[in-house]
1. At Ser414 and Ile313, where each label point lies 7 Å from the Cα along Cα→Cβ, what is the point-to-point distance in nanometres?
2. With N set to the number of residues, divide the alpha-carbon radius of gyration of segment 194-269 by 2.2 N^0.38 Å and report two decimals.
3. Would you grab the residues whose amide H sits under 5 Å from the one on Gln395? Only those 5+ places off in sequence or on another chain, please, with H modelled 1.01 Å from N.
4. Report the Cα centroid-to-centroid distance between segment 185-204 and segment 536-560 in angstrom, as an integer.
5. Which value, in Å to one decimal place, does the Kirkwood hydrodynamic radius take for segment 473-533 when every pair of different Cα atoms is included?
6. Projected onto the charge dipole of segment 123-214 (+1 at Lys/Arg Cβ, -1 at Asp/Glu Cβ, origin at the Cα centre), which of Ala171, Ser213, Val138 gives the Cα projection farthest towards the positive end?
7. So, with +1 on the Cβ of K and R and -1 on the Cβ of D and E, and no other charges, what is the size of the charge dipole of the chain about its Cα centre, to the nearest 20 debye?
8. Report, by chain and number, residues whose modeled amide H sits under 5 Å from the one on Glu83, excluding near sequence neighbours (fewer than 5 apart, same chain).
Amino acid sequence: MGFLYWNEWVEFWKTSLQTKESGGQLDWVKDGSVDLKGRPVLKTKSGGWKASLFIIGVEVSERLTYYGIASNLIIYLTTTMHEGIEVSAKNVNYWVGVTTVMPLVGGFVADAYSGRYWMVLVSSVIYLAGLILLTLSVSLSALKPEKCVEVCNKATTGEKAVFFLALYLIAVGTGGHKPSLQAFGADQFNEEDKKEKIKKASFFNWWYFGLCSGTLLAVTVVVYVQDNISWGIGFGIPTVAMTIAIGLFLYGTPFYRNKLPGGSPITSILQVVVAAVRNRKKTLPSDMDLLYENWNAKSVKSGQRLLSHTDSIQCLDKAAIVVEAYEPNNHTEGNKQPNPWKLCTVTQVEETKLIIRMVPIWLCCIIFGIIVAQTTTFFIKQGSTMDRSMGPHFQIPSASLIAFSTIPILIFISIYDTWLVPITKRITGNERGISVLQRIGIGMLFSILCMVSAALTEHKRIQSAKAHSLLDSPKTTLPLSIFWLVPQFVLIGMADVFTLVGLQEYFYDQVPDSMRSLGIAFYLSVIGVASFLSSLLITIVDKITTRGGRDHGWFQNNLNRCKLEYFYWLLAVLGAINLCCYVYIANIYTYKEVKQVTYKEVKQIKLHTTKSTGSCSP
């Protein structure tokens with residue numbers, strides 16, 4: 001690394017000399033991006049694919065790590081820790097929930113204080129510490145339950161404590177790593193540059209391609225090792241992968257564009273609310289151009305983007321009504337600014353509106369998240385009861401079923417970005433082909449079809465168990481091929497291509513510029529909250545269905561006696577109702593609109609605004 005930083009300094013001094021020789025005409029990045037030492041960066045020397053490919057490579061390793069644990073966790077809990085199916089499913093959902101809700105904390109800290117680079121690095125070290133502890137807990141005989149002889153003893157309190165401590169340490173690491181890394185990757189492209197803006201749209205597709213590549217390796221190679229060789233080696237592989245990821249991330253340091261932390265976004269939102277309440281009795285001007293905006297030439301020149309006024313949630317516009325918020329003679333640039341708790345800018349108000357407008361979209365994605373949660377719990381457990389043989393000497397690990405959703409994703413993302421986007425762009429005129437909200441809605445439709453397919457397949461599985469008198473033999477493999485589950489995995493894979501990639505792009509693009517990591521955390525929190533609600537839904541359904549006796553319950557330790565098909569039909573119905581609500585909300589949604597204002601125009605606009613609004617205007 002010392003050699004890399006020496007080269008970095010050499011490049012910096014070369015660039016400085018070239019700048020002097022060319023009269024300062026080098027092509028600097030003008031969106032406020034800096035290197036790790038806070039210096040401006042050149043467009044040709046930083047960012048773009050040369051930087052983002054390092055970050056995508058890190059994501060491949062991280063997803064191999066995560067899915068090397070998550071995809072087979074329910075199998076470990078039921079076969080080695082000897083927990084029941086319902087308890088195991090809940091524990092998986094709780095862990096996935098914490099893992100995908102923690103990014104709200106990590107994303108906030110990254111945006112407000114630490115910056116994304118340092119958050120990724122620190123959280124990766126925590127992640128690695130959890131992986132080392134997890135590998136030890138499944139390898140050392142003193143830390144894991146004994147093998148079954150005649151009776152299977154459940155894990156002791158101490159064994160559970162070490163195992164779950166390792167899992168939740170990984171969850172904390174993921175909380176800082178996941179939102180910051182993806183936002184950091186997207187930061188490598190300048191939205192104000194037309195060519196780089198198009199590349200940024202492609203970045204989200206190829207990011208997900210890399211994500212799925214890591215997932216595919218996890219659910220094939222890693223899962224096979226766990227099931228057939230050793231859990232210790234199976235969890236050791238993700239540990240090595242994360243070590244490689246940290247090294248790869250550090251190696252790309254000289255090429256990264258960094259965004260400086262912008263302070264707490266919560267403070268800005270609270271200022272808008274307080275100012276709006278204070279000005280609630282004021283009347284909005286007929287010309288919305290008279291609302292206060294900070295036409296600071298230095299800010300615009302440094303890459304700060306101003307937002308256009310929108311007509312939605314007009315009660316918040318009162319926060320930008322010009323009042324006696326500061327001394328009337330302080331109008332010159334550089335003098336004291338108005339009290340932000342009495343007067344906010346239009347951009348501040350619009351950023352607050354963006355967050356509020358996101359809430360209904362976020363809520364409409366929860367049912368989709370609950371459907372996705374079934375892929376790592378009940379879908380996997382279904383597969384463990386079916387014929388998994390491929391030839392006389394090989395059996396597919398049940399967790400490898402996720403590959404049937406991952407492979408279609410890898411194929412379709414390539415087709416989508418290379419062929420479908422250009423074709424649909426010609427038809428719709430949208431630079432993305434279809435709008436991001438349309439993309440999310442299409443994925444929701446696929447998730448409903450997935451539940452329908454899952455219900456039909458589960459019905460066939462139960463019928464097979466009845467036909468062969470195996471309802472009370474849950475450990476006996478049913479004479480029904482595991483490939484009957486392929487359609488539901490393919491459908492959920494198609495849903496991911498549209499909805500999950502769409503959500504990543506939506507939450508990164510539509511949040512305020514200073515909240516990009518938190519935006520990715522909002523996307524992840526959909527899956528996290530949905531995982532908790534999936535456990536809650538299982539509990540509610542179980543209590544309702546067992547009122548007539550335990551045998552009537554939809555969830556039992558004997559999977560052949562479960563009524564999973566009813567649960568899948570319930571999710572399909574909830575998904576259909578939810579999709580109708582989503583379509584309505586998406587149709588009335590107002591997208592973020594950035595003001596296209598150049599540095600040269602700022603002083604003219606500022607002068608016009610001052611004259612129009614009188615002595616109290618900025």
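1. Going from the Ser414 label point to the Ile313 one covers 4.2 nm.
2. On the way: Rg = 18.4 Å, N = 76, 2.2 N^0.38 = 11.4 Å.
Ratio of Rg to 2.2 N^0.38 Å for segment 194-269: 1.61.
3. Those qualifying (amide H under 5 Å, at least 5 residues apart or on another chain) are Met390.
4. For segment 185-204 versus segment 536-560, the Cα centre distance is 49 Å.
5. Taking the inverse mean of 1/r over all distinct Cα pairs, segment 473-533 comes out at 14.3 Å.
6. Ser213
7. Details: 57 positive and 44 negative charges, 129 e Å.
Dipole magnitude for the chain comes out near 620 debye.
8. For Glu83, the qualifying residues are Thr78.
The values are calculated or read from the model by the stated rules, or taken from the named source; none is laboratory data. This structure is a prediction, so every number in the text was calculated from the model and none was measured. Cβ coordinates were reconstructed from backbone atoms using ideal geometry, including for glycine residues, and neighbour counts include every protein chain displayed. Accessible surface is based on the protein model in full, side chains and every heavy atom, while ligands, DNA and RNA are left aside. Shrake-Rupley method; radii C 1.70, N 1.55, O 1.52, S 1.80 Å.
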